[in-house]
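So the structure is just underneath, and the comments pick up after that.
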Amino acid sequence: MFEVGDGAPLLWLHGGQGFNPKQEFVPLFAAQRRLIVPSHPGFGRSGLPDWLDSIDDIAHIYLELLDHLDLGAIDVAGCSIGGWIAAEMAVKSPERIRRLVMIGPVGVKVGGADKLDIPDIFAMPQDEANKLLFHDPARMTPDLNKMSDEELTVMVRNRETLALLTWEPWMHNPKLKRWLHRAGMPALFVRGASDGLVSADYLAAYAGLLPKAHTLALAAAGHAPHLEQPQALAAAVLEFLERAP
Amino acid sequence: MRAWHFSETAYPYLPPADSYPSIRVSLPNRIYDPEKGAALYDRYIDEWLIAEDEGVEIMLNEHHQTATCVDPAAPLMLAALARLSKKARLLILGNPIANRRQPVRVAEEMAMIDVLSHGRLEAGFVRGVPYEILPANSNPVRMNERHWEALDLIVKTWTTHDGPFSHEGRFFHNRAINIWPRPIQQPHPPVWVSTTSPSGAAPVGARGFIQATFLTGFDATRKVFDGYRKGWREAGRGQDVPIDRLAYAALIYVGESDLRAKAGAEKLLWYITSNKVPPHIANPPGYIPVSANVQMLRGAEHPMSAFGKRASVESAIEAGIMFAGTPDQVLKQIQKHYDHVGGYGHILIMGQAGFLEHDDTVHGIRMFAREVYPRLKALYPDTVISGFPQPTAGATARC
């Protein structure tokens, strides 16, 4: 688990591509907040118990983490599957989450049976997936030749665990939408305007399942606005966390 | 030595390869003409039955959403063969049980075929190639764990005869298992498992099942068989691993003349050269170990895909994945391979591919059966012990 900064705590739940403390958004949040970033089981260098195979399992683990940290109600932000984890936590223990920020979140099924809500990034060439993931794939796609063996190992392992957790049903828990009405805390749903995975309709439908959620689109960003537009993302999120009653 | 005629029942009538990105998974089935497909089924079944007439056993397998093997429900084909054939052993290699949702249903299908064939079933189980993941919507992570839970449950299902039992495992759940029919063969039909890695072979050896490996050539085959023997010995099955526990699958074509053999062998290469599959279908996350994926990102190439780019009859023979030529030549090639890997009791013959027409396929089957097989059986009786002389005093040297 990575921690940095002082102030009101913010639990940050990373997406399927994992977390790197050197990412530009980190100091922007740490300037105002105590940023707490656990590495999900099976991601980065975190262990993966053989019994663990669902987002729901991770939500239980983090609720237990909140017990241990003993911080009372806390702000939680999640990206992509991190948002899904946050949503699973929020429906189980809404009293533990003060404010909820969902950044390019997956986890629900809102469309018809004949079309994937979230495109299948595992069934397309990587360069096509990168076009869906990023506003500017040429700038954001990692240069494999410059990565160490350890960094490549983490990347491959993250991808494998992502598959384990999201394969079927693809990127969602069919029951989650039945319970999201319990997540009554103020919630901000953000997506990059160029996100090819989480569409504007999907985000709006997802947010509509929560009593007090609103949506925001960030220009010139894809599925990871915290990486492509860290300044704009940090400003919007911090403003929401301060402003909301 | 026992020989098996193996056909993938391919559908070769395809548009130019540069007009589609993948021969597997995504190739639209409008390209498949069911009338032509029906004629192909008739023909491939005839070829199996001709092999049976020649004293060769029957083998088939299963793939999904691909022109390379139009047999997506192999137990159905095997059921037909159980009734059409009379004496051949019937090997399905195999059931992709990590991709099947109900192992008990697979146990039922196999028991039914064993009874239909009056006890001629050889029941094989495979992890399945990576291209099977998407058609099955199967999670590529933890396939091995699912495979072994399913296989152990299938064997228990075949061998439990006193009314329902329950299974509440990690992946599969059944409250009342009590299949009808049960197999004829006791305690159960011979079990085969295919793998191409030494670590995959160890648990097969530990259980004493038959180990098959496909197109792994010289050194990799030897390692797989070594892995099997290690698993066998560590499980306390004794020092000697019988030769009939090991099987090798190769592209094989025997011709009466050099010219005819060469022409047939060229057509057999179709399996390698036509297997156009993009990386995202060929390598789903979690199918191969993390370290192997890191090597691939560093530019390492899978041995088979590297080979596919420069495939030739000569290089395939050199690599030990093809035995082709006149009877004398093929016998020599097999001997060289057999000795290098420590021997095997079964040779699985990929003897039909792509545009290898019926007459040429039958010629290859007959030439093998009549000119090579008897000599192989004489050279390598089923009584030999596999492997290499052991350094320990109690070890039995290979005959």
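Taking every residue in A:125-136 and counting other chain Cβ atoms within 10 Å of its Cβ, the average works out to 1. Just to confirm a number: summing +1 for Lys and Arg and -1 for Asp and Glu over residues other than residue B:312 whose beta-carbon lies under 14 angstrom from that of residue B:312, what do you get? Neighbour charge sum, excluding residue B:312 itself: +1.
The spacing between segment B:182-212 and segment B:221-288, judged by their C-alpha centroids, is 16 Å. A full extension of the chain between residue B:137 and residue B:26 corresponds to an added length of 38.6 nm, given 0.36 nm per residue minus the alpha carbon distance. Expressed as a whole percent, the proportion of Cα-Cα pairs in chain B lying more than 37 Å apart is 18%. Taking chymotrypsin sites (Phe, Trp or Tyr not before Pro) across segment A:1-54, the ones in a DSSP loop with at most 16 further Cβ atoms lying within 10 angstrom of their Cβ are A:51.
For segment A:1-83, the list of GluC sites (Glu not before Pro) that fall in a loop by DSSP and count at most 15 other C-beta atoms within 10 angstrom reads A:24. What separates the Cα centres of segment A:118-171 and segment A:1-77 is a distance of 20 Å.
Only protein heavy atoms count here, probed at 1.4 Å, and on that basis chains A and B bury about 2000 Å² of accessible area in total. Sorting the segments A:100-106, B:293-299 by their residues' average number of neighbouring beta-carbon atoms within 10 angstrom, most packed first, yields A:100-106, B:293-299. For segment A:84-98, 3J(HN,Hα) computed residue by residue from phi via the Karplus equation (6.51, -1.76, 1.60; θ = phi - 60°) reads 4, 4, 4, 5, 5, 5, 5, 7, 7, 9, x, 5, 8, 10, 7 Hz, glycine and proline entered as x. In segment B:134-171, burial by the other protein chains removes 50 Å² or more of 1.4 Å probe accessible surface, compared with the chain on its own, from B:134, B:137, B:139, B:141, B:142, B:170. Taking every residue in A:161-171 and counting other chain Cβ atoms within 10 Å of its Cβ, the average works out to 3. Among the protein heavy atoms of segment B:43-153, carbon and sulfur supply 54% of the accessible surface, probe 1.4 Å, non-protein parts ignored.
Both radii come from the Cα set of segment B:252-293: Rg as radius of gyration, Rh as Kirkwood radius; their ratio Rg/Rh reads 1.30. Once the 1.4 Å probe is applied to the protein heavy atoms, segment B:245-369 comes out at 39 Å² accessible per residue. When a 1.4 Å probe is rolled over the protein heavy atoms, the share of accessible surface on segment B:247-399 that falls to carbon and sulfur comes to 57 percent. From its DSSP helices (H runs of at least four residues, each -39,500 (n - 2.57)), chain B gives a residue-normalised ellipticity at 222 nm of -12500 deg cm²/dmol.
In straight-distance terms, cross-link reach from residue B:377 covers every one of the lysines whose alpha-carbon lies under 26 Å from its own, apart from those fewer than eight places away in the same chain; here that gives B:86, B:87, B:223, B:262, B:332, B:336. Only Cα sites of segment B:170-209 enter the Debye sum here, all with the same form factor; the resulting log10 I(q)/I(0) across q = 0.36 1/Å is -1.12, listed in q order.
Extension gain, residue B:239-residue B:335: 0.36 nm per intervening residue step, less the Cα-Cα distance, totals 32.2 nm. For segment A:19-26, 3J(HN,Hα) computed residue by residue from phi via the Karplus equation (6.51, -1.76, 1.60; θ = phi - 60°) reads 10, 10, x, 7, 5, 5, 6, 4 Hz, glycine and proline entered as x. Atom-type composition of the exposed protein surface of chain A places 53 percent of the accessible area on carbon and sulfur (1.4 angstrom probe).
Across segment A:1-104, how large is the tail of the calculated P(r) beyond 17 Å, expressed as a percent of all Cα pairs? Value for segment A:1-104: 48 percent of Cα pairs lie more than 17 Å apart. Separation of segment B:305-362 and segment B:123-160, taken as the distance between their Cα centroids, equals 29 angstrom. By the equivalent-ellipsoid construction on the alpha carbon gyration tensor, segment A:2-242 comes out with semi-axes of 23, 21, 19 Å, ordered largest to smallest. Residues whose amide H comes within less than 5 Å of that of residue B:125, counting only those at least five positions distant or on another chain, are B:95, B:192, B:193, B:194 (H built at 1.01 Å from N in the peptide plane). Our summary gives chain A a relative contact order of 22 percent, counting only alpha carbon pairs under 8 angstrom and 6 or more residues apart. Which positions within segment B:254-286 get 40 Å² or more of their accessible surface covered by the other protein chains, compared to the chain by itself, with a 1.4 angstrom probe? Listed in order, they are B:280, B:285.
Convex hull volume per residue, computed on the Cα atoms of segment B:316-359, equals 93 Å³. Of the trypsin sites (Lys or Arg not before Pro) found in segment A:25-133, those that fall in a DSSP loop while having at most 10 other beta-carbon atoms within 10 Å are A:45, A:115. Counting Lys +1, Arg +1, Asp -1, Glu -1, what net charge surrounds residue A:64 among other residues with beta carbon under 14 Å of its beta carbon? Spelling it out: positives minus negatives among the neighbours equals -3. For the protein assembly as shown, the direction-averaged projected area of the alpha-carbon convex hull comes to 31.6 nm².
The values are calculated or read from the model by the stated rules, or taken from the named source; none is laboratory data. What you see is a predicted model; the values in this text were computed from it and never measured. Cβ: placed from backbone, ideal geometry, glycine included. Neighbour counts: every protein chain shown. What goes into the accessible areas is simple: the full protein's heavy atoms, side chains included, and nothing from ligands, DNA or RNA. Shrake-Rupley method; radii C 1.70, N 1.55, O 1.52, S 1.80 Å.
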